[in-house]
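Input: a single structure, listed below in structure tokens.
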Amino acid sequence: MPILFEPLTGQPVQVHEAQVFNFLGKGYRTANPNSTPTLNPAKAAGGTQSEIPSAAVKINYASLKDLSERLGLSTALAKDVRGNRPYANGEDLMSKVAGIGWYSMSSKISYDA
């Protein structure tokens, strides 16, 4: 059975395979939102500055890839975030995007340019 992570707490939850899409639609993630991204050592040795993750994701400008990989959002939730921009703060984000786990990723988000 697949393991998904709760949107607010990041706690792992086993779900039945037939229910995975329902849980992803509610904001559950396939990656642990509390884990820090790791670099591929081969890329880090010869990589560029753009391959190194910055401290915060600029929520008003981030790509779908950044929203899903760096914040652990499902593709559907990342599309909702992108489609309801701009956001002034966490409360604005939560009011515009249903099911977003802002509290678990508040330290990973920046609202400035």
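Read-outs: derived from the displayed coordinates by stated rules, not from any lab. As the structure is a prediction and not an experimental result, all values here were calculated from the model. Quick reminder, even Gly has a Cβ in these numbers, built from the backbone with ideal geometry, and neighbours come from all protein chains shown.
Distance between the 7 Å Cα→Cβ label points at residue 98 and residue 75: 2.1 nm. In plain terms, the chain from residue 11 to residue 89 could stretch by 25.6 nm, reckoned as 0.36 nm per residue minus the Cα-Cα distance.
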